[in-house]
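The values are calculated or read from the model by the stated rules, or taken from the named source; none is laboratory data. In this text the structure is predicted, and so the values were computed from the model without any measurement. Reconstructed Cβ throughout: ideal geometry from the backbone, glycine too, with neighbour counts over all protein chains shown.
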């Protein structure tokens with residue numbers, strides 16, 4: 001428990017001490033940098049029992065070591081992961097080095113983009129712990145790397161570097177097939193959903209939610225056979241709770257900010273939040289949809305950290321109060337679920353591996 005307390009307490013303490021002095025951009029960047037350095041350390045130094053699938057990946061690494069390079073020709077998909085492992089094994093066979101390298105590849109791109117794009121560090125930190133797939137980074141190494149690349153792909157898309165976006169998304173796909181969902185970021189990011197269209201979004205979501213089982217069954221029918229199996233139940237994925245949370249954030253993002261203060265990136269991120277909300281509706285019937293949504297949930301902390309600064313002067317008091325409520329609630333929720341939750345991915349208690 002103490003490790004996770006420090007993970008949150010140190011950046012919060014730094015922000016509280018430095019808030020009244022210095023440049024706000026530097027304060028945000030340095031606060032997030034402290035958080036992600038600590039987060040990376042927890043990932044790098046954890047025991048193989050922290051993260052339910054980590055030990056499986058270490059076994060897979062030994063299996064890959066026995067395979068010839070030509071084995072890549074037998075792979076239909078996710079051959080990037082095999083090549084990555086072979087390159088690593090040509091340098092060292094250290095399991096600790098493997099854990100460290102995978103952790104850094106996953107976290108560093110997210111840290112860079114968050115430091116550049118977030119505007120309120122405590123909102124970003126608290127939502128990264130709860131809305132973003134924080135626990136997945138301890139267990140699902142392949143998808144964690146793909147998620148890190150996905151955030152980097154978003155950054156390229158924001159700057160209209162479309163070729164880079166496609167190349168990075170394709171690279172992420174070679175690590176985890178779920179990364180194909182990144183392609184939907186390309187059209188949706190450039191769609192502006194203004195307040196006057198919010199009612200249509202609500203009606204569309206109601207229809208999708210009502211027919212979510214039939215719609216997702218149709219989607220599953222065109223996916224590879226290994227995805228046809230039923231997913232985890234809704235209790236395990238926390239799908240309904242996340243639907244409520246994303247719905248509240250969506251309502252908040254349409255009501256509180258003044259749209260004339262929003263820029264293209266704010267509109268794009270709001271549209272991706274709405275897309276994540278729709279994706280989450282399917283997560284309530286199949287856990288596979290939750291895995292697809294991880295890439296978009298990582299962008300929610302960025303958006304929410306920005307939108308609190310897009311308000312009228314007369315509403316700044318409400319914005320400040322909402323920040324306090326969101327941060328306190330999310331951090332409390334994190335610790336409650338950490339200690340009393342189902343702990344599906346086995347990240348609690350934290351055990352040092354060195």
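Only one of 320, 274 is loosely packed, with under 14 Cβ neighbours inside 10 Å and part of a helix (DSSP H, G or I). Can you tell me which? Even if it seems obvious, please write down each step before you answer.
Working: 274 fails: loosely packed, with under 14 Cβ neighbours inside 10 Å.
From the options 320, 274, the qualifying one is 320.
Can you spot a residue in the stretch 151-163 that is farther than 25 Å from residue 305 by Cα and outside any helix (DSSP H, G or I)?
The answer is no, given that none of the residues of the stretch 151-163 is farther than 25 Å from residue 305 by Cα and outside any helix (DSSP H, G or I).
The conditions are (1) touching a residue at least 40 places away in the same chain (Cβ under 8 Å); (2) more than 30 Å from residue 176 (Cα to Cα), and residue 291 fails exactly one of them. Which is it?
Of (1) touching a residue at least 40 places away in the same chain (Cβ under 8 Å); (2) more than 30 Å from residue 176 (Cα to Cα), only one is false for residue 291: (2).
Of all residues in the stretch 190-207, how many are touching a residue at least 12 places away in the same chain (Cβ under 8 Å) and within 16 Å of residue 249 (Cβ to Cβ)?
Result for the stretch 190-207: 5.
Within the stretch 168-189, does at least one residue satisfy the condition of being surrounded by fewer than 22 Cβ atoms within 10 Å (Cβ to Cβ), part of a loop (DSSP other than H, G, I, E, B) and in contact (Cβ under 8 Å) with a residue 24 or more places away in the chain?
Checked against the condition, which is being surrounded by fewer than 22 Cβ atoms within 10 Å (Cβ to Cβ), part of a loop (DSSP other than H, G, I, E, B) and in contact (Cβ under 8 Å) with a residue 24 or more places away in the chain, the stretch 168-189 yields at least one hit.
Table: residues versus (1) in contact with a helix residue (DSSP H, G or I) (Cβ under 9 Å, 6 or more places away or on another chain); (2) over 24 Å from residue 145 (Cα atoms).
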residue: 269; (1), (2): yes, no
residue: 276; (1), (2): yes, no
residue: 286; (1), (2): yes, no
residue: 306; (1), (2): yes, yes
residue: 339; (1), (2): no, yes
residue: 348; (1), (2): yes, no
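I'm trying to understand the selection: among the residues of the stretch 7-22, which are surrounded by 13 or more Cβ atoms within 10 Å (Cβ to Cβ) and either at positive phi or in contact (Cβ under 8 Å) with a residue 12 or more places away in the chain (or both)?
Within the stretch 7-22, 7, 8, 10, 11, 12, 14, 15, 18 meet the criteria.
One residue is enough: does the stretch 339-350 have a residue meeting the conditions free of Cβ contacts under 8 Å to residues at least 60 places away in the same chain and either outside any loop (DSSP other than H, G, I, E, B) or under 20 Å from residue 120 (Cβ atoms) (or both)? Give the derivation first.
Here is the first cut: in the stretch 339-350, the residues free of Cβ contacts under 8 Å to residues at least 60 places away in the same chain are 340-341, 343.
Checking which are either outside any loop (DSSP other than H, G, I, E, B) or under 20 Å from residue 120 (Cβ atoms) (or both) leaves us with 340.
Yes: one or more hits.
For the stretch 297-332, name all the residues that are under 20 Å from residue 111 (Cβ atoms) and touching a residue at least 60 places away in the same chain (Cβ under 8 Å). Step through it out loud before you land on a result.
Pass one, the stretch 297-332, residues under 20 Å from residue 111 (Cβ atoms): 297-306, 327, 330-331.
Residues satisfying the conditions are 297, 298, 299, 300, 301, 302, 304, 305, 306, 327, 330, 331.
Which residue out of 72, 21 is at pLDDT below 90, more than 20 Å from residue 145 (Cβ to Cβ) and over 21 Å from the mean Cα position of the chain (by Cα)? Quick ask: steps written out before the conclusion?
Values: 72 fails: more than 20 Å from residue 145 (Cβ to Cβ).
Among 72, 21, only 21 is at pLDDT below 90, more than 20 Å from residue 145 (Cβ to Cβ) and over 21 Å from the mean Cα position of the chain (by Cα).
Tell me which residues, restricted to the stretch 252-271, are closer than 15 Å to residue 315 by Cβ and part of a helix (DSSP H, G or I). Give the derivation first.
To start, the set of residues in the stretch 252-271 that are closer than 15 Å to residue 315 by Cβ comprises 252-262.
Scanning the stretch 252-271 gives 252, 253, 254, 255, 259, 260, 261.
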